[in-house]
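Have a look at the structure below before the remarks.
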Amino acid sequence: MTRGVLLHDAELDGRTVADLRIRDGAVVEVGAQLTPRRGEDVLDARGGALLPGLCDHHLHLHAMAATDRSVACGPPTVHDPQSLAAALAHAPSDEHGWVRGLGYSEHVAGLLDAGTLDRVYAARPVRIQHRSGALWIVNTAGAKALDLARADHPGIERDAQGHPTGRLWRADDWLRTRSFAARPPDLRAVGTRLARLGITHVTDATPDLDATALGAIGAAMRTGALPQRVHLLGAPLNWTPPAGPRAPTAGPYKIVLADSGLPEFDALVDRIRTVHDTGRAVAVHCVTREALVLLMVALEQAGTRAGDRIEHAALVPTELISRLRALGLTVVTQPGFVAHRGDDYLRDVPAADLADLYRAQSLVDGAVAIALSSDGPYGPVDPWAVIDAAVRRRTRAGRVVGTAERLAAPRALDAYLGSPDTPGGAPRRVAPGAPADLVLLRAPRAEALAQPSADLVTATLIAGEVVWAE
């Protein structure tokens, strides 16, 4: 039995200021001027909003942890070959002598391969991940360390003569098996960071999690290093979730429609049917228009299942919105990219496609369920920054991308409040009987939504326990 908590003077639902009693991980009483009981901890909300804990519906836990051991290789800190060379030269090596870079954009030094990376930095083995997360580039020293010339992973790009170029597409699993692979990084700092942001639930969208990754996430949850509740898209189809409240759960099954090579139509239909036959929905990575069209036609052929969802939906033509609704699909999207990369989009994306980027309000108007998320570490993790991006859709330079796609602030917040198994569904509420997964703000709801900021978070509770407080 856990120790109880009494919250005084908390604003609920943007209207009522009340006291709230928590015991055994749940809200048990809401009322005016509740009397503290023996042994209860008392937390004074001082009129601040008490919300259900936020759920980031799409991120990558171990990639977020690995970011702390990596060097930034893209904007805004790295913007040309010279600053990239300086960043790599000053980066620490891991225990195997590698330098690990993240967030690379071709606007820094072009689309790198081993040769061009050598001209930037060749002294140590280097592996740099493109900001999309789909591509790794190694220099010649790295290619030799990985023995790419004799390796057979299908993602290893080769030139016309069959020599590896240094580009590795969708090869994360294979890279983990190489000599530099270490145990999955510790998740404690990630758990603390998420709690500081008011995030109590996460959906890890990393595909094809192996036993080591599954075990590491489960162990971090059991010890409290990762206090959040965790839903997994990458759990194997035959995986049985461990029992107990401090254990991850299996969500829809992640399928990646890679930009570098779309699957054959019949193969995709068969894969969707196989997943559905196990009782799980699908969560399909779609970034391009072509991938989205292929998926919808495949789902029309294979049939849909409650919970089927599209990850990213970076480009959605207007004419496809009604088909999304007819298929009953949920879109899990990331408007944070508009703020984070919007100036690049305005420069590089054809003008005719800009209105289709990271749609939000048009999906709501079209009765398509949407949920917001970060895609951390590839997008900004801060949910308050993502909410602000969904509302304003302003780039770093202050330009607006997709004015018609702006969400009202309360609707953007609600898109973080769906439960992990029903993203885009009805927002969770603070009420008797509800799990005490909560975030307390220093300001009332309306004031907080006028200027969303992580600085407003004063405490985060999971299962009735304070896991972060200022």
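Taking the stated definitions as given, is L226 surrounded by 19 or more Cβ atoms within 10 Å (Cβ to Cβ), part of a loop (DSSP other than H, G, I, E, B) and in contact (Cβ under 8 Å) with a residue 60 or more places away in the chain? Against the criterion (surrounded by 19 or more Cβ atoms within 10 Å (Cβ to Cβ), part of a loop (DSSP other than H, G, I, E, B) and in contact (Cβ under 8 Å) with a residue 60 or more places away in the chain), L226 qualifies.
One line per residue, one yes/no per condition, for (1) touching a helix residue (DSSP H, G or I) at 6+ places or on another chain (Cβ under 7 Å); (2) more than 18 Å from C55 (Cα to Cα); (3) exposed (fewer than 15 other Cβ atoms within 10 Å of the Cβ):
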position: P435; (1), (2), (3): no, no, no
position: V439; (1), (2), (3): no, no, no
position: A443; (1), (2), (3): yes, yes, no
position: A448; (1), (2), (3): yes, no, no
position: P452; (1), (2), (3): yes, no, no
position: L456; (1), (2), (3): yes, no, no
position: T460; (1), (2), (3): yes, no, no
position: A463; (1), (2), (3): no, no, no
position: W468; (1), (2), (3): yes, no, no
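If you filter the range 176-212 down to residues that are part of a helix (DSSP H, G or I) and open to solvent by less than 10 Å² (accessible area, probe 1.4 Å), you find that the one that is farthest from A66 (Cα to Cα) is A195. Taken as a whole, the range 15-23 holds at least one residue that is open to solvent by 10 Å² or more (accessible area, probe 1.4 Å) and under 19 Å from E465 (Cβ atoms). Take the conditions in contact with a strand residue (DSSP E or B) (Cβ under 8 Å, 6 or more places away or on another chain), on the phi > 0 side of the Ramachandran plot and in a loop (DSSP other than H, G, I, E, B) and apply them to R46. Does it pass? In short, yes. Scanning the range 156-175 for residues that are outside any helix (DSSP H, G or I), open to solvent by less than 70 Å² (accessible area, probe 1.4 Å) and at pLDDT below 90 yields one hit, A171. The residues of the range 191-239 that are touching a strand residue (DSSP E or B) at 6+ places or on another chain (Cβ under 7 Å) and more than 18 Å from I462 (Cβ to Cβ), listed by number, are A205, P207, L209, L233, G234, A235, L237, W239. What do you reckon, is A91 open to solvent by less than 30 Å² (accessible area, probe 1.4 Å) and either under 21 Å from S373 (Cβ atoms) or at pLDDT 95 or above (or both)? It is false that A91 is open to solvent by less than 30 Å² (accessible area, probe 1.4 Å) and either under 21 Å from S373 (Cβ atoms) or at pLDDT 95 or above (or both).
Can you give me the number of residues within the range 314-353 that are touching a Pro at 6+ places or on another chain (Cβ under 6 Å) and open to solvent by 60 Å² or more (accessible area, probe 1.4 Å)?
1
Among residues of the range 349-370 that are under 13 Å from A313 (Cβ atoms), those with a Cβ under 6 angstrom from a residue that is open to solvent by 40 Å² or more (accessible area, probe 1.4 Å), sequence gap 6+ or separate chain, pair up as G366/R325; V368/R325.
Going through (1) touching a helix residue (DSSP H, G or I) at 6+ places or on another chain (Cβ under 6 Å); (2) crowded, with 19+ Cβ neighbours inside 10 Å; (3) part of a loop (DSSP other than H, G, I, E, B) one by one, L148 falls short only on (1).
Name the residue that is surrounded by the fewest Cβ atoms within 10 Å (Cβ to Cβ), counting only residues in the range 120-134 that are hydrophobic (A, V, I, L, M, F, W, C) and touching a residue at least 40 places away in the same chain (Cβ under 8 Å).
Top of the filtered list is A134.
Taking the range 4-25, which residues are in contact (Cβ under 8 Å) with a residue 40 or more places away in the chain and farther than 14 Å from T460 by Cα? Scanning the range 4-25 gives G4, E11, L12, D13, G14, L20, R23, D24. Screening H96 with (1) within 24 Å of H312 (Cα to Cα); (2) touching a residue at least 40 places away in the same chain (Cβ under 8 Å); (3) surrounded by fewer than 21 Cβ atoms within 10 Å (Cβ to Cβ); (4) not basic (K, R) gives one miss only, at (1).
Considering (1) touching a helix residue (DSSP H, G or I) at 6+ places or on another chain (Cβ under 8 Å); (2) closer than 24 Å to W169 by Cβ; (3) among the small types (G, A, S), the lone condition that S260 does not fulfil carries the number (1).
Quick one: how many residues across the range 71-86 are closer than 20 Å to S132 by Cα and either over 28 Å from the mean Cα position of the chain (by Cα) or open to solvent by less than 30 Å² (accessible area, probe 1.4 Å) (or both)? Summing the residues that are closer than 20 Å to S132 by Cα and either over 28 Å from the mean Cα position of the chain (by Cα) or open to solvent by less than 30 Å² (accessible area, probe 1.4 Å) (or both) in the range 71-86 gives 6.
Out of the residues in the range 99-119 that are buried (at least 16 other Cβ atoms within 10 Å of the Cβ) and of a type in the set (A, V, I, L, M, F, W, C), which is farthest from S83 (Cα to Cα)? In this case the residue turns out to be A114.
Inclusion of R246 among residues that are modelled with pLDDT under 95, open to solvent by 60 Å² or more (accessible area, probe 1.4 Å), in contact with a helix residue (DSSP H, G or I) (Cβ under 6 Å, 6 or more places away or on another chain) and more than 27 Å from V126 (Cα to Cα) is warranted.
The values are calculated or read from the model by the stated rules, or taken from the named source; none is laboratory data. Bear in mind the structure is a predicted one, so any value in this text is a computation, not a measurement. Because the Cβ atoms are built from the backbone with ideal geometry, glycine has one as well, and the counts that use them run over all protein chains shown. Please note that ligands, DNA and RNA were not included when accessible areas were found on the heavy atoms of the full protein model with its side chains. Shrake-Rupley method; radii C 1.70, N 1.55, O 1.52, S 1.80 Å.
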